[in-house]
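Notes follow the structure.
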Amino acid sequence: MTKEELQINVEKALDEIRPFLESDGGNISLVSIDEGKLVKVRLEGACTDCHVNHMTLKAGVETTIKKYAPQIEQVVGVS
């Protein structure tokens, strides 16, 4: 998968997750994809202060991104 295809697939995954985050007043944006293995995202809006945002990041975001881009090893949140 090329870098461009990888980015498109990660964005597709985020588009799948976004409506759930938006329904709670939040959002998510892609910051970077490092070495084709590490995805950095930024939780926004209500998601920044949410006490379960780590669980959302791992259980929801990382799982969905890996569905679209299996070579991704880890998803981390940045501020």
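Numerical summary
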item: Total residues in the stretch 1-15, condition in contact with a helix residue (DSSP H, G or I) (Cβ under 8 Å, 6 or more places away or on another chain) and either more than 20 Å from Gln74 (Cβ to Cβ) or surrounded by 14 or more Cβ atoms within 10 Å (Cβ to Cβ) (or both); result: 5
item: Qualifying residues in the stretch 2-54 (those that are in a loop (DSSP other than H, G, I, E, B) and at negative phi) - the one nearest to the chain's Cα centre (by Cα); result: Lys37
item: Criterion violated by Ile28 - all others in (1) open to solvent by 70 Å² or more (accessible area, probe 1.4 Å); (2) under 24 Å from Met1 (Cα atoms); (3) touching a strand residue (DSSP E or B) at 6+ places or on another chain (Cβ under 9 Å) satisfied; result: (1)
item: Test: residue in the stretch 61-74 that is without any contact (Cβ under 8 Å) to a residue 60 or more places away in the chain and assigned to a loop (DSSP other than H, G, I, E, B); result: yes
item: Sole residue being more than 20 Å from Lys67 (Cβ to Cβ) and open to solvent by less than 70 Å² (accessible area, probe 1.4 Å), chosen from Val39, Val52; result: Val52
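The values are calculated or read from the model by the stated rules, or taken from the named source; none is laboratory data. Predicted model, so just to flag it, every value in this text is computed and none were measured. Cβ sites come from the backbone with ideal geometry, for glycine too, and all protein chains shown count toward neighbours. Side chains included, ligands, DNA and RNA excluded: accessible areas come from the protein's heavy atoms. Shrake-Rupley method; radii C 1.70, N 1.55, O 1.52, S 1.80 Å.
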